[in-house]
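K.L.:
Sharing a structure here in structure tokens format.
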Amino acid sequence: MNQRPEPGTRIAHAGEEPVESLTDPIVAPIYQTTVYGYPDVDAVDAVYEGRESGFIYSRYGMPNHRLLESALADLEGLEAGVVTASGMSAITALLFGLMSTGDRIVVSNQVYGGTRNLLDRDVDRFGIEVRYVDALDLKNVRDALRTPATMLYVEGITNPTINVLDLEALAGIARDAGTPLVVDSTFATPIHCNPAEFGADVVIQSATKFIAGHNDVAGGAVLGPANIIERVRQQAIRFGGIGGPFDAWLVLRGLKTLSLRMRQSSANAMSLASALDGHPAVRRIRYPGLPDHPQHTVATRMLRNGYGSMISIELRGGRDAVETVVRSLETIRFAETLGGLATTVVHPATTSHRSVDPEIRRELEISDGLLRFSIGIEEPQDLIREVTSALDQVLSSPH
Ligand code: PLP
């Protein structure tokens, strides 16, 4: 058996030998492998039974996921985390991992349109009662939780109307009812808010947004107590909504500048919101840092390092004015996302909340004149000049 294998055999195993090095990489490598080899059958038992740590198959977990999970759990001040292929796969794994037919979920009526779709088209279809509440009115929540529920689900800063929920009060109500509080904290990020500090049990992040921050990778995470996260992880493994190692690597790379980016973009958002307040083309501007924001006091208690990077602006001229503004913008892209390095703007009525019933859209104040800006890290004077000039166009347009 000393015979040297043929080249065809040798290349099938080329580059698989361990690389000897006294030094180690200062950035985590990308573990671009879908599978890990066992030394023997005893090792299979040891890894499956948790007596030895070891990776098995990428869908079950891999080093790049593990590194990102512990970084995000640490940032949220929670015990454990699971990362997924997108924010929606995180939410799906959470909902289906923790709920069964006959259960009931109480949900803030101001949530991302995709979350609402999942609840209305799938969660409901599996015989789980979905009860929407206006979570800005705490009495509604208290009343809704008089009937037992598996969870209370909210977004801390709401999409797209940029209201700020009183997480501390909601956590108190949920605790009294014996119901876990789940907070989608995508808009706030751990730099501005840790929902767990106010009593939330589980935090969701769409890492596609600020966490990764460069509009080049999708990801999601659920963070919480280890026993809950384990159930969510097993659900995510069964559903298969797990991203690849390079995705997790990119998210972790983006995460390293999260604090710098959020501080700059939220300072920009504050400057822009202040500059646009009172512009004659604007009916209403929603930014939690403005003293006349309806939950400014709550936001001041809940948020740190600024008031976030999300601004919603309702134009007096409805959809025509929106059209003029998006056509007049120069560098700010009209694109269906948020959380990138550069400022973007979206029209929720025709995008994120397009499939939401128009009557419900009206109820939620998602009008045809509403634009939602995600502010980036540009120089503030340029942003102010560009948006002001686009709004000025509305005043001079023939509509
Ligand atoms: N949560 C919020 C608040 C969102 O805005 C979004 C997407 O816009 C999601 C979750 C879903 O995230 P993803 O697009 O990564 O699936």
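K.L.:
Work out the P(r) tail for segment 235-279: percent of alpha carbon pairs separated by more than 13 Å, whole number.
P.N.:
Looking at segment 235-279, the distances longer than 13 Å represent 71 percent of pairs.
K.L.:
Further question: Would you please name the GluC sites (Glu not before Pro) within segment 254-351 that are DSSP coil residues with at most 10 other C-beta atoms within 10 Å of their C-beta?
P.N.:
Loop-located and lightly packed - 330.
K.L.:
Putting +1 on Lys and Arg Cβ atoms and -1 on Asp and Glu Cβ atoms, find which of 158, 234, 101 reaches farthest to the positive end of the dipole of segment 41-255.
P.N.:
About the Cα centre, the residue reaching furthest to the positive side is 101.
K.L.:
OK, next. What's the percent breakdown of Cα-Cα distances in the chain across 10 Å bins, shortest bin first?
P.N.:
Whole-percent P(r) values from 0 Å outward: 5, 21, 30, 23, 12, 6, 3, 1, 0.
K.L.:
Sticking with this one: Show me, for segment 254-259, the HN-Hα J-couplings you get by feeding each phi into the Karplus relation (A = 6.51, B = -1.76, C = 1.60, θ = phi - 60°), rounded to Hz, glycine and proline as x.
P.N.:
My calculation for segment 254-259 gives x, 4, 4, 9, 3, 4 Hz in order.
K.L.:
Compute the helix-to-body angle for 318-328: its Cα long axis versus the longest principal axis of the chain, expressed 0 to 90° and rounded to tens.
P.N.:
For 318-328 against the chain, the angle is about 60 degrees.
K.L.:
What does the accessible area per residue of the chain come to in Å², with a 1.4 Å probe and no ligands, DNA or RNA counted?
P.N.:
Each residue of the chain exposes 47 Å² on average to a 1.4 Å probe.
K.L.:
If the label point is 7 Å along Cα→Cβ of residue 393, which residues in segment 324-355 have backbone nitrogen under 18 Å from it?
P.N.:
Output list for this probe position: 324-336, 343-348.
K.L.:
Only helical DSSP H runs with n ≥ 4 go in: add -39500 (n - 2.57) per run for the chain, normalise by residue count and round the 222 nm mean residue ellipticity to 500 deg cm²/dmol.
P.N.:
Numbers: 15 runs with 153 residues, N = 399.
The per-residue figure over the chain is -11500 deg cm²/dmol.
K.L.:
Charges only on Cβ, +1 for Lys and Arg, -1 for Asp and Glu: so what's the dipole of segment 181-235 about the Cα centre, in debye to the nearest 20?
P.N.:
100
K.L.:
Right, next: Which trypsin sites (Lys or Arg not before Pro) does segment 128-199 hold that lie in a coil by DSSP with at most 12 other beta carbons within 10 Å?
P.N.:
146
K.L.:
Out of the DSSP beta bridges found with both residues in the chain, what percent are antiparallel (nearest 5)?
P.N.:
Details: 23 of 40 bridges.
About 60 percent, rounded to the nearest 5.
K.L.:
Once the principal axes of the Cα atoms of segment 276-399 are found, what is the range along each, listed largest first in whole angstroms?
P.N.:
Over segment 276-399, Cα extents along the principal axes are 43, 37, 26 Å.
K.L.:
May I pose another question? Quick one: with all protein chains in place, what share of the accessible area of the chain is carbon or sulfur, to the nearest percent (1.4 Å probe)?
P.N.:
51
K.L.:
Output the Kirkwood hydrodynamic radius of segment 16-138, Cα pairs only, in Å rounded to one decimal.
P.N.:
18.2
K.L.:
Using 0.36 nm per residue of separation minus the Cα-Cα distance, give me the extension gain between residue 126 and residue 305 in nm, one decimal.
P.N.:
Contour length minus the Cα-Cα distance gives 60.3 nm.
K.L.:
While we're here: Can you work out the FRET efficiency for the pair residue 34 and residue 231, with r the C-beta to C-beta distance and R0 = 22 Å, to the nearest 0.05? Could you put the intermediate results ahead of the total?
P.N.:
Working: r = 24 Å, r/R0 = 1.10.
For residue 34 and residue 231, the calculated efficiency is 0.35.
K.L.:
Oh, and also: Return the loop-located chymotrypsin sites (Phe, Trp or Tyr not before Pro) in segment 29-89 (DSSP other than H, G, I, E, B) with at most 16 other Cβ atoms within 10 Å of their own Cβ; answer none if there are none. Intermediate values should be presented prior to the final figure.
P.N.:
Details: sites: 31, 36, 48, 55, 57, 60; in loops: 31, 36, 55.
Qualifying residues, ordered by number: 36, 55.
K.L.:
Report, in debye and to the nearest 20, how large the dipole of the chain comes out about its Cα centre when Lys and Arg carry +1 and Asp and Glu carry -1 on their Cβ.
P.N.:
640
The values are calculated or read from the model by the stated rules, or taken from the named source; none is laboratory data. Every value quoted in this text rests on a predicted model; they were computed, and no experiment measured them. So basically every Cβ, Gly included, is an ideal-geometry build from the backbone, and we count neighbours across all protein chains shown. For accessibility, only protein heavy atoms count, side chains too; no ligands or nucleic acids. Shrake-Rupley method; radii C 1.70, N 1.55, O 1.52, S 1.80 Å.
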